[in-house]
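Peer 1: Dumping the structure here so I can ask a few things about it.
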Amino acid sequence: MSTLAAVIGRILIAAIFIVSGIGKLMSPATFEAMITGAGLPPGLAIPTGMFEVLAGLALALGLMTRLTAVLLFGFTALATLFFHSRFSDPMQLTMALKNAAIMGGLLLVFAHSQMWWSWDRMRLARKGEVATLTAQRQAHEAELRAARAEGMAEGVRTGRVDPGAVVTDVDGDGVPEVRKRRWWG
């Protein structure tokens, strides 16, 4: 149940940024006026909106969650500093506290970045599967080498195989085939 709660929480935090970014992209002139009113250079409405949408989608999907959480944390901290720093105004104080709560949620995403149902988690699981398959293949090859050595030792002990012969199970039937070692290989 905590897995489901973590995924839903991550998606809800991401939704704030996605909806806000879409709003900035739909009416960039309104946001541009807010930006210049805060003393920031003009021309940031579209890049800001695109950043919010892309970072929100990355967070919702679980792509590079730690990096995305840190970037959105910094973005939210700067937005609080530039747009909600007048704490004497009750509305600005409320918005600053809302941003503080969002930053807290982003820190939790950072701390638990390899959450279930995310791209990062699937990538790590795939790495583990590849490592497991590699280890299994290496163990199988070691077993084959040991079986060949045992076959050779048994053949030499019983006198059926000359010590210069090579014993292998070429056809995979469990019976070792014996061939003479050639001087060229």
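Peer 1: Does GLY37 satisfy the criteria of being crowded, with 19+ Cβ neighbours inside 10 Å and either out of contact with any His (no Cβ under 6 Å at 6 or more places or on another chain) or over 16 Å from GLY9 (Cα atoms) (or both)? Can you show your working first?
Peer 2: Working: crowded, with 19+ Cβ neighbours inside 10 Å: no; either out of contact with any His (no Cβ under 6 Å at 6 or more places or on another chain) or over 16 Å from GLY9 (Cα atoms) (or both): yes.
Taking the combined requirement at face value, the residue does not satisfy it.
Peer 1: Inside the range 37-85, can you point out the residues that are touching a Phe, Trp or Tyr at 6+ places or on another chain (Cβ under 7 Å) and not in a helix (DSSP H, G or I)?
Peer 2: Residues satisfying the conditions are ALA38, LEU40, GLY62, LEU63.
Peer 1: Counting just the residues of the range 111-135 that are at pLDDT 70 or above and among the β-branched types (Val, Ile, Thr), which one comes out nearest to THR65 (Cα to Cα)?
Peer 2: Per the criteria, the residue is THR132.
Peer 1: Spot the failing condition for GLY37; the list is (1) touching a helix residue (DSSP H, G or I) at 6+ places or on another chain (Cβ under 8 Å); (2) within 25 Å of LEU97 (Cβ to Cβ); (3) of a type in the set (Gly, Ala, Ser), and only one is missed.
Peer 2: (1)
Peer 1: Here is a further query. Which residues, taken from the range 86-111, are charged (D, E, K, R) and part of a helix (DSSP H, G or I)? Quick ask: steps written out before the conclusion?
Peer 2: Taking the range 86-111 first, the residues charged (D, E, K, R) are 86, 89, 98.
Passing the criteria: only LYS98.
The values are calculated or read from the model by the stated rules, or taken from the named source; none is laboratory data. As the structure is a prediction and not an experimental result, all values here were calculated from the model. With ideal geometry, Cβ positions are generated from the backbone for all residues, glycine too; neighbour counts draw on all protein chains shown.
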